[in-house]
Amino acid sequence: MNTDTQLQFVTTTHPTRTSPEQIAASIATPMFGRVFTDHMVTIRWTDALGWHDAKVEARRPFQIDPACAVLHYAQEIFEGMKAYRGEDGAISLFRPLENARRFRASAARMSMADLPEAVFLQAVEALVAIDRDWVPGGNGSLYLRPFMFASENFLGVRASSEYVFCVIACPVGPYFKAGKTAVNVWVSDQYTRAAPGGTGAAKCGGNYAASLIAQTEASEKGCDQVVFLDAAEHRWIEELGGMNVFFVMDDGSLLTPPLSGTILPGITRASIIELAKREGIAVRETPYAFDTWRTDAASGRVKEVFACGTAAVVTAIGQVRHADGEFTIGHGDEGEVTRHIRTLLTGIQRGKIADPFGWVHRVK
Ligand code: PLP
Ligand code: COI
């Protein structure tokens, strides 16, 4: 059993690495999640050996047996994080240990192997280091996708005795259509994302699979994202399909739904709360009903609303559609407070603004 907090990685570089010209072309107009870097990191886990066989190698398909547990019972978790290239060329990650901690929490909820935070960080840093030429400058970033799946070939319903941990990466630009200053959201009154006691707080693939029908419905309604309400009363705002949500009230304060166990504890969400408090902006983590939102938008009590997450960064919500109609938030565009929060957060992430929190993690 390997109990070391650091693993020895065996590195094999890609035999035909992408040329600098091709990388430059991919980075110039990156689509979210379509183009991948040359390498991947894999680490295997078995009951007998613990974490072992750590590799950095050319990105390649997995060979999976049809009886592989993840294909049947969806024991899979993932993370989403970004590497940024500062103006001085230095590459950094944003609060990567928070991703490592959340990954452990997701693994615990899904009865999966516990990956030490130090190994998670080692793996992510190893991939960024070998594929560092792929980290875009400017407003782009390298999106990192650490994930783990049950790899035992067995159809019995129980926790797998084997897992594969992997990290892949892709250069990305904005998650939403470039140039869009505000997005539209569809409030689902039919589908919920997570119930108390369920897996809402874990970043497991199954949560996203279950959300896709509502996301498809949102697209059909001309919306960019779906807003989920709570499962018990269909009344309280929870989060979006892939991001948390903040409301800017007319007194300048922020309101965001609390971490009740049914929403993902977003690292962007947590950072915005700390950032806002430091700016002297009051933040309340309190339940907020959809009906109240509608009334407050009409009365002007809610001035701005924004979505936040690693992929979405900070994105204004301009229009809200639901079964009974639609309403606009403020002028339907990005508001002042949203812009201020976005500028501060991205400034720290990209090293343009001093980081008073110790959030920025340099990659050597
Ligand atoms: N909520 C959901 C469902 C998400 O998928 C994400 C994205 O990861 C978030 C919230 C935001 O989390 P974070 O800020 O850690 O990226
Ligand atoms: C992320 O922000 O990292 C996510 O996983 C959400 C998804 C919309 C890409």
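Observations, loosely collected:
- When region 305-334 is filtered for residues that are more than 16 Å from ligand 2 (Cβ to nearest atom), crowded, with 22+ Cβ neighbours inside 10 Å and closer than 29 Å to N99 by Cα, the ones remaining, listed by number, are V305, A316.
- Scanning region 2-49 for residues that are surrounded by 15 or more Cβ atoms within 10 Å (Cβ to Cβ), at pLDDT 95 or above and over 25 Å from V313 (Cα atoms) yields F9, H14, R17, T18, D38, H39, V41, T42, I43, R44, W45, T46.
- Of the residues making up region 228-242, just one is of a type outside the set (D, E, K, R), within 11 Å of ligand 1 (Cβ to nearest atom) and out of contact with any helix residue (DSSP H, G or I) (no Cβ under 8 Å at 6 or more places or on another chain), namely L240.
- If the condition is being free of Cβ contacts under 8 Å to residues at least 24 places away in the same chain and of a type in the set (A, V, I, L, M, F, W, C), then region 15-47 contributes A24, A25, A28.
- Test: residue in region 309-321 that is in a helix (DSSP H, G or I) and modelled with pLDDT of 95 or more: no
- Whichever residue in region 204-215 is closer than 17 Å to V226 by Cα and of a type outside the set (G, A, S) and, among such residues, is farthest from ligand 1 (Cβ to nearest atom): I213
- Every listed requirement among (1) buried (at least 19 other Cβ atoms within 10 Å of the Cβ); (2) more than 17 Å from G330 (Cβ to Cβ); (3) within 12 Å of ligand 1 (Cβ to nearest atom) is met by F246 save one, (2).
- Tabulated pairs, region 260-283, first closer than 29 Å to A231 by Cα and not assigned by TED's automatic domain parsing to the domain that holds E79, second more than 16 Å from ligand 2 (Cβ to nearest atom) and assigned to a helix (DSSP H, G or I), C-beta under 7 angstrom, 6+ apart or interchain: I272/I341; V283/I273; V283/A276; V283/K277
- Among all positions in region 233-244, there is no residue which is of a type in the set (F, W, Y), touching a Pro at 6+ places or on another chain (Cβ under 9 Å) and not in a strand (DSSP E or B).
The values are calculated or read from the model by the stated rules, or taken from the named source; none is laboratory data. Fair warning: this is a prediction, and the values are worked out from it, not measured in the lab. Quick reminder, even Gly has a Cβ in these numbers, built from the backbone with ideal geometry, and neighbours come from all protein chains shown.
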